[in-house]
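Before any comments, here is the structure.
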Amino acid sequence: MILVGADVGGTFTDIILANTNERTFAIHKVPTTAPDPSVGMVEGIKELCAREGVSLAQVDHMFHGTTIATNATLEHKGARTGMITTRGYRDIIHIGRHQRPQNYSLRQDIPWQSRPFVRRRHRKVVTERLIPPLGEVLTPLDEAEAREQIRALQHEGVESIAVCFLFSYLNPAHENRVQQLIEEEFPGVFVTTSADVSPQFREFERFTTACLNAFLGPKVKGYIDELSHRLEEAGARTELHIMTSNGGVTTAHHLDIGALVPGSCGIVDAVDAYAEGLQFKAIKVYERGIKNQPFWNFLADNVRAAEMVVGDMEAQIAACRIGAERYVDLVERYGIDTVLAASEYLMNYSEAMLRQEIARLPDGTYSAEGFFDGYLDSPDPAKKDLKIAVTLTIKSALTPALSRCCAGEGVVE
């Protein structure tokens, strides 16, 4: 088997050819052709193959790593991007969440506000609404309104459109329909739907990922299309594979944002931006009020957004301390018996409301299943994903026994 790999850098393009049958490899380095890196890359591959007596038609697999999306992101040189979203949520990608590079600064530079992927003038809203937990349609999609907004974006000269609706990760029907309308009204424009790129809950993360994909997509797609065409003209018969940010590869015709770390391009899992892969088993971050400094140092050195992650944890700890102080204030003001009685009242009220809702359910059996985050590094498969399953059986004859339902006596498993 003959494998070819090429990594394009800012100055040089590195190419390697490996023959697994003969257990040999050869390397080659050529200058990167900045206006179009595919030119230098293809020429370098041709030179290396000629030197080793191999034709491009003999290459079984071809892999490519690029920083084209990294550069476009850092230089903010992506496509003019439009967005179609649920009415009332035009500014989600501007407001964000509570995390900030500096949690308590009022004068900080917030990148997604100062350098947005989609300018506010290009964010359009349409009437539609889905609701959890199953993605049922609360408000049907207004297709006439959607067509009007698509035409407005076309008139504004956008090159790419991100479609981002609330709860589309539960039901992508509205996003898919708007994508069809875009293809009818604005053929040829690059389209991204948030449910396709990042079917995750949390609208800011999902919307931002979709907008980034739309911002980078035309540039990355144009580059990959041109590279694939040049390779085909040079005689390559194998499919081009692109290195992805998660360490795998994807075919060149299936590209999303990726390429945000050197030597990688392709699909990126949105969760990876927030889950660093670190797992600590029951570790104390504070011991009797004293900071476990080695842990904090290790955390700061091994996450990509250290200020944000560490700052967010510190804010949560500070909130717990404030809660403890206020609880003590309540006890001192009203006495422990009154505070405990109030807590018990709230718990009883919550339980009564739950029982009331259970009593309204029609007869039948209801099941739900989910998973807690487990220990991915555990050799025991049972500990990797911790499963939790609940089954609730409702029978009219057992209605008087609902007081026992939540305790799991007989009818609840």
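The values are calculated or read from the model by the stated rules, or taken from the named source; none is laboratory data. What you are looking at is a predicted structure, and each value in this text was computed from that prediction instead of being measured. We place every Cβ from the backbone using ideal geometry, glycine too, and count neighbours over all the protein chains shown. Protein only, heavy atoms only, side chains kept; ligands, DNA and RNA dropped before computing areas. Shrake-Rupley method; radii C 1.70, N 1.55, O 1.52, S 1.80 Å.
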Checklist entry - Within region 350-365, how many residues are touching a residue at least 12 places away in the same chain (Cβ under 8 Å) and open to solvent by 80 Å² or more (accessible area, probe 1.4 Å)? => result 4
Checklist entry - Out of all the residues in region 110-120, is one or more closer than 29 Å to M308 by Cα, crowded, with 16+ Cβ neighbours inside 10 Å and basic (K, R)? => result no
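Are any residues in region 25-80 of a type in the set (G, A, S) and under 27 Å from the mean Cα position of the chain (by Cα), and if so, which ones?
G65, A69, A72, G78, A79
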Item to check | Test: residue in region 186-198 that is farther than 28 Å from G65 by Cβ and among the polar types (S, T, N, Q) | outcome: no
Checklist outcome for this item: Those residues of region 217-233 which are of a type in the set (K, R) and over 15 Å from I45 (Cβ atoms) amount to K219, K221
Checklist entry - Residues I93, I150, I131: which one is under 24 Å from T73 (Cα atoms) and either surrounded by 13 or more Cβ atoms within 10 Å (Cβ to Cβ) or touching a helix residue (DSSP H, G or I) at 6+ places or on another chain (Cβ under 7 Å) (or both)? => result I93
Item to check | Entirely in region 23-109, the helices (runs of 4 or more DSSP H) that have 1 or more residues that are farther than 30 Å from E159 by Cβ | outcome: 37-51
Checklist outcome for this item: Going through region 1-37 in order, the residues found to be polar (S, T, N, Q) and either open to solvent by 80 Å² or more (accessible area, probe 1.4 Å) or under 18 Å from A57 (Cα atoms) (or both) are T11, N19, T20, N21
Checklist entry - Only one of these conditions is not met by R123: (1) open to solvent by less than 50 Å² (accessible area, probe 1.4 Å); (2) free of Cβ contacts under 8 Å to residues at least 40 places away in the same chain; (3) among the charged types (D, E, K, R). Which number is it? => result (2)
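Quick grid of which residues meet (1) farther than 26 Å from S168 by Cα; (2) surrounded by 18 or more Cβ atoms within 10 Å (Cβ to Cβ):
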| site | (1), (2) |
| --- | --- |
| E52 | yes, no |
| S55 | yes, no |
| F63 | yes, no |
| T67 | yes, yes |
| N71 | yes, no |
| L74 | yes, no |
| G78 | no, yes |
| T81 | no, yes |
| T86 | no, yes |
Checklist outcome for this item: Per the list (1) open to solvent by 60 Å² or more (accessible area, probe 1.4 Å); (2) at pLDDT 90 or above; (3) within 30 Å of M62 (Cβ to Cβ), residue check on D269 breaks on (2)
